Amino acid sequence: MSQKVFAGTTVDVNEEGYMTDSTQWTKEIAKEIATEENIDLTDKHLAVCEFLRDKQSKGENITIRSVGNSGIIDIKGFYQLFPGAPMKKAAKIAGIPKPASCV
Amino acid sequence: MQKEEHPLKKVCIICAKGTIEDVYATLVMANGAVMEGIETNVFFTFFGLDGITKKFMNSLKTGTVGNPAMRMPGGLPFPTLLGTLPGVEIGVSAMMRSQMEKLDIPPVSEFLEMIEAGGGEIYACKLAMDMFKLEKTDLWDGVKAVLTIGEFYEKCGGLQTQIIFT
């Protein structure tokens, strides 16, 4: 367990950089994590992050299909918002653990 | 000595069988690769073509005969003779699909769309198409091209590339 400072706040992160306490998350922190991932955070990104946080807090399975059915964005748009590895990047920016789902 | 890491850059997955579990193994691996940002090519051949044939893709079956890993709900053995009865294959297959739906695993056509949305490319085998008398129009619309195996290999080049036969 290590710590990192984002937006003037010290947060707990694991060795891969995922926040381990999602209650420490703020939009300002999200913006700085996004910058590290070379993403310029928009309201659309944040809407996806909030959606993932909501699912996470309810203990629901986080899948790429559920993002596509969220009404916020379709799957193609999701790949464009978070290029490369969308689920992992979005989870990291949303301050939740790395998704444990295979789909 | 420092351990060198060479993460996968590209996977080329070949699906040659048409049961639910064979096609889904391919789709889960392909979608998983796309989600990791790995370049992904999928080649459907022989009976695997059912997985991208409009008429069959969303009603694939699992074999209920000769599969020792097949068990009744609860874990009791599933006698092979039972698998030969009419309707059993359809019932077992429907049950598998409903179990997958519960895990948010989509139907085949939607799964292919997800892979395509992430930049994965789907190909069909020319030889098998000729063998089964299939036309490009019989296939799912997202199939990028019908290729010879040589043409597929041309797409499999590059360092940190793996070919996977499911």
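The values are calculated or read from the model by the stated rules, or taken from the named source; none is laboratory data. Please read these numbers as outputs of a predicted model, since none were measured by experiment. Because the Cβ atoms are built from the backbone with ideal geometry, glycine has one as well, and the counts that use them run over all protein chains shown. The area values use the complete protein model at the heavy-atom level, side chains included, leaving out ligands, DNA and RNA. Shrake-Rupley method; radii C 1.70, N 1.55, O 1.52, S 1.80 Å.
A few notes on this one:
- Under the Karplus curve 6.51 cos²θ - 1.76 cosθ + 1.60, θ = phi - 60°, whole-Hz ³J(HN,Hα) for the range B:122-130, x wherever Gly or Pro sits: 10, 10, 10, 8, 5, 4, 5, 4, 5
- Subset of A:Lys4/A:Lys58; B:Lys61/B:Lys155; A:Lys98/B:Lys61; B:Lys9/B:Lys144; A:Lys55/B:Lys54 violating a 23 Å alpha-carbon distance limit: A:Lys4/A:Lys58; B:Lys61/B:Lys155; A:Lys98/B:Lys61; A:Lys55/B:Lys54
- Counting 0.36 nm for each residue step from B:Leu127 to B:Met72 and taking away their Cα separation leaves a gain of 16.0 nm.
- Principal-axis tilt of helix B:20-35 within chain B, Cα atoms, nearest 10 degrees: 30 degrees
- The angle between the Cα long axis of helix A:43-57 and the longest principal axis of the Cα atoms of chain A comes to about 80 degrees, rounded to the nearest 10.
- Over the range A:2-94, the alpha carbon radius of gyration divided by the compact-protein estimate 2.2 N^0.38 Å works out to 1.02.
- Distribution of pairwise C-alpha distances over the protein assembly as shown, 10 Å bins, in %: 6, 25, 28, 23, 13, 4, 0
- With Cα atoms, 0 to 90° folded angle of helix B:108-117 axis to chain B main axis: 20 degrees
- Rolled with a 1.4 Å probe across the full set of protein chains, the surface gives B:Glu4 an accessible area near 140 Å².
- Within the protein assembly as shown, A:Cys49, A:Cys102, B:Cys15, B:Cys125 have no other Cys Cβ under 4.7 Å of their Cβ and so lack a disulfide-compatible partner by this rule.
- Of the listed residues A:His45, B:His6, the order by accessible area with a 1.4 Å probe, largest first, is B:His6, A:His45.
- Accessible surface buried by the B/A pair amounts to about 1300 Å², both sides summed, 1.4 Å probe.
- For A:Gly84, net neighbour charge (Lys/Arg +1, Asp/Glu -1) across residues whose Cβ lies under 9 Å away: 0
- For B:Ile163, the residues whose modelled amide H falls within less than 5 Å of its own, excluding neighbours fewer than 5 places apart on the same chain, are B:Cys12.
- Within 10 Å of the Cβ of each residue in A:64-71, the mean number of Cβ atoms contributed by other protein chains is 3.
- Here, chain B is characterised by an Rg to Rh ratio of 1.02, where Rg is the alpha-carbon radius of gyration and Rh the Kirkwood radius.
- Solvent-accessible area per residue, Å², over the range A:47-103 with all protein chains present [probe radius 1.4 Å]: 41 Å²
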